[in-house]
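See below for the structure under consideration.
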Amino acid sequence: MLRENFRKYDHLLVDLDGVVWIGEKPIEDAIHALNAVKDSVRVTFVTNNSTRHRNDVVKRLRDIGINWVTVDDIVTSASALAELISSLGIRKCYVIGEAGLVQELQERSVELDEEADAVCVGMDRGFTYDKISIALRNLLKGALFMATNSDSTFPTEEGLMPGAGAMVAAIAAASGREPDVIIGKPNPLILMIAARGSSNPLVIGDRVETDILGAIRAGMDSVLVLTGVTKDLRGVGPRPKFIVESLKELLL
Ligand SMILES: [Mg+2]
């Protein structure tokens, strides 16, 4: 059960990397806490990671013991971007990204082509000079520049690895254009998509410049968990409403 000061929230919007797992390693306290609250509050996982389809995120969460989760409990920057692209009526995209982004777009009947109305950029471990060239060609012709997220790095057991922001920056440098939309946190839109139907959501994340700033922009309260990227708050920056060492502190 949630501790008293968290009981006014009807929906937890929980980040994954740095909160539920770090790279391949599950964070046991978080799994225990989420299993303990699942019947008293709605939980949606919201991740800037665009590489996996939501079905793969479900499988991974079930594998580590969060076995009540379904695809409707997941929002990724790829699923949110695909939803936005589809609602804007954009039919053709050139994708720089991995299976997660490709499948989310295809499921919404977006055609993937090298001549496109929008260039969609997410993290891509197969990023190449050719891909920058094709993106540039489309952007110079006026295609929209849409990005999943701008995280420069993400945490793994081996330390920080380059994130989607590194690919977005390369394309921005070549084209002289900044993205028209970066849907991932701190964009409040992804949190609003995830919070649909709830009246008082609480954002939980490990990164001040994405999770906490996004929550502030969306007008939502937030919890900073110190299991991931942010280890102290001595610098200036967006302030969370709560700071906890681990998600266990949400519990009675
Ligand atoms: Mg995180």
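Restricting to region 25-38, count the residues that are within 15 Å of the ligand (Cβ to nearest atom) and either surrounded by fewer than 23 Cβ atoms within 10 Å (Cβ to Cβ) or not in a helix (DSSP H, G or I) (or both).
3
For region 73-124, which residues satisfy the criterion of being of a type in the set (A, V, I, L, M), in contact with a Cys (Cβ under 8 Å, 6 or more places away or on another chain) and farther than 25 Å from Thr210 by Cα? Give the steps one after another, and end with the answer.
The first filter runs over region 73-124 and keeps only residues of a type in the set (A, V, I, L, M), leaving 74-75, 78, 80-82, 84-85, 88, 90, 95-96, 99, 101-102, 105, 110, 112, 116, 118-119, 121, 123.
With the extra rule that they be in contact with a Cys (Cβ under 8 Å, 6 or more places away or on another chain), the set shrinks to 81, 85, 95-96, 101, 105, 110, 112, 116, 118-119.
Residues satisfying the conditions are Val110, Leu112, Ala116.
Would you say Val69 is hydrophobic (A, V, I, L, M, F, W, C), at pLDDT 95 or above, touching a helix residue (DSSP H, G or I) at 6+ places or on another chain (Cβ under 7 Å) and in a strand (DSSP E or B)? Give the derivation first.
Details: hydrophobic (A, V, I, L, M, F, W, C): yes; at pLDDT 95 or above: yes; touching a helix residue (DSSP H, G or I) at 6+ places or on another chain (Cβ under 7 Å): yes; in a strand (DSSP E or B): no.
It is false that Val69 is hydrophobic (A, V, I, L, M, F, W, C), at pLDDT 95 or above, touching a helix residue (DSSP H, G or I) at 6+ places or on another chain (Cβ under 7 Å) and in a strand (DSSP E or B).
Tell me, yes or no, whether region 155-173 has at least one residue that is assigned to a loop (DSSP other than H, G, I, E, B), without any contact (Cβ under 8 Å) to a residue 12 or more places away in the chain and either touching a helix residue (DSSP H, G or I) at 6+ places or on another chain (Cβ under 6 Å) or assigned by TED's automatic domain parsing to the domain that holds Asn138 (or both).
Taking region 155-173 and keeping what is assigned to a loop (DSSP other than H, G, I, E, B), we get 157-158, 163.
Retained after the next criterion (residues that are without any contact (Cβ under 8 Å) to a residue 12 or more places away in the chain): none.
Within region 155-173, none of the residues are assigned to a loop (DSSP other than H, G, I, E, B), without any contact (Cβ under 8 Å) to a residue 12 or more places away in the chain and either touching a helix residue (DSSP H, G or I) at 6+ places or on another chain (Cβ under 6 Å) or assigned by TED's automatic domain parsing to the domain that holds Asn138 (or both).
Looking at region 78-86, can you tell me whether even one residue there is within 30 Å of Ile27 (Cα to Cα) and in contact with a strand residue (DSSP E or B) (Cβ under 8 Å, 6 or more places away or on another chain)?
Yes; the residues of region 78-86 include at least one that is within 30 Å of Ile27 (Cα to Cα) and in contact with a strand residue (DSSP E or B) (Cβ under 8 Å, 6 or more places away or on another chain).
If you take the residues in region 140-163 that are surrounded by fewer than 22 Cβ atoms within 10 Å (Cβ to Cβ) and at pLDDT 95 or above, which one is nearest to the ligand (Cβ to nearest atom)?
Here is the first cut: in region 140-163, the residues surrounded by fewer than 22 Cβ atoms within 10 Å (Cβ to Cβ) are 140-142, 144-145, 152-153, 155-162.
Then drop every residue that is not at pLDDT 95 or above, which leaves 140-142, 144-145.
Values: Leu140: 34, Lys141: 35, Gly142: 34, Leu144: 27, Phe145: 24 Å.
Applying the filter and picking the extreme gives Phe145.
Out of the residues in region 217-252 that are in a helix (DSSP H, G or I) and over 16 Å from the mean Cα position of the chain (by Cα), which is farthest from Phe45 (Cα to Cα)? Steps first, please.
In the first step, residues of region 217-252 are kept if they are in a helix (DSSP H, G or I); the result is 217-218, 247-250.
Now narrow it down to the ones that are over 16 Å from the mean Cα position of the chain (by Cα): 247-250.
Details: Leu247: 14, Lys248: 17, Glu249: 18, Leu250: 16 Å.
Ranking the candidates gives Glu249 first.
The conditions are (1) assigned to a helix (DSSP H, G or I); (2) more than 19 Å from Gly205 (Cβ to Cβ); (3) in contact with a strand residue (DSSP E or B) (Cβ under 7 Å, 6 or more places away or on another chain), and Val95 fails exactly one of them. Which is it?
With respect to (1) assigned to a helix (DSSP H, G or I); (2) more than 19 Å from Gly205 (Cβ to Cβ); (3) in contact with a strand residue (DSSP E or B) (Cβ under 7 Å, 6 or more places away or on another chain), Val95 is out only on (1).
Where the second residue is of a type in the set (A, V, I, L, M) and part of a loop (DSSP other than H, G, I, E, B) and the first is free of Cβ contacts under 8 Å to residues at least 40 places away in the same chain and lies in region 237-249, which pairs have Cβ atoms under 6 Å and are six or more apart or on separate chains?
Glu245/Leu226
Hey, among the residues in region 194-248 that are more than 18 Å from Tyr9 (Cβ to Cβ) and β-branched (Val, Ile, Thr), which one's modelled with the lowest pLDDT?
Selected residue: Val236.
Yes or no: Glu115 out of contact with any helix residue (DSSP H, G or I) (no Cβ under 6 Å at 6 or more places or on another chain), more than 14 Å from Met146 (Cα to Cα), among the acidic types (Asp, Glu) and not assigned by TED's automatic domain parsing to the domain that holds Lys25? Show your work before the answer.
Numbers: out of contact with any helix residue (DSSP H, G or I) (no Cβ under 6 Å at 6 or more places or on another chain): yes; more than 14 Å from Met146 (Cα to Cα): yes; among the acidic types (Asp, Glu): yes; not assigned by TED's automatic domain parsing to the domain that holds Lys25: yes.
Criteria met by Glu115.
Residues to consider are Ile132, Ile190; find the one that is assigned to a helix (DSSP H, G or I) and in the same structural domain as Asp15 (by TED's automatic domain parsing). Before the answer, list the steps.
Numbers: Ile132 fails: in the same structural domain as Asp15 (by TED's automatic domain parsing).
Matching residue, one of Ile132, Ile190: Ile190.
Quick test for you: out of Val75, Val58, Val41, pick the one residue that is within 15 Å of the ligand (Cβ to nearest atom) and touching a residue at least 12 places away in the same chain (Cβ under 8 Å).
Numbers: Val58 fails: within 15 Å of the ligand (Cβ to nearest atom); Val41 fails: within 15 Å of the ligand (Cβ to nearest atom).
On inspection, the qualifying residue turns out to be Val75.
Under 9 Å by Cβ, and 6 or more places apart or on different chains, what pairs join a residue from region 87-101 that is among the basic types (Lys, Arg) with one that is at pLDDT 95 or above and in a strand (DSSP E or B)?
That search, which allows pairs on different chains as well, returns Arg91/Glu111; Lys92/Glu111; Lys92/Leu112; Lys92/Ala118.
The values are calculated or read from the model by the stated rules, or taken from the named source; none is laboratory data. These numbers were taken from a predicted model, which means no experiment stands behind them. So basically every Cβ, Gly included, is an ideal-geometry build from the backbone, and we count neighbours across all protein chains shown.
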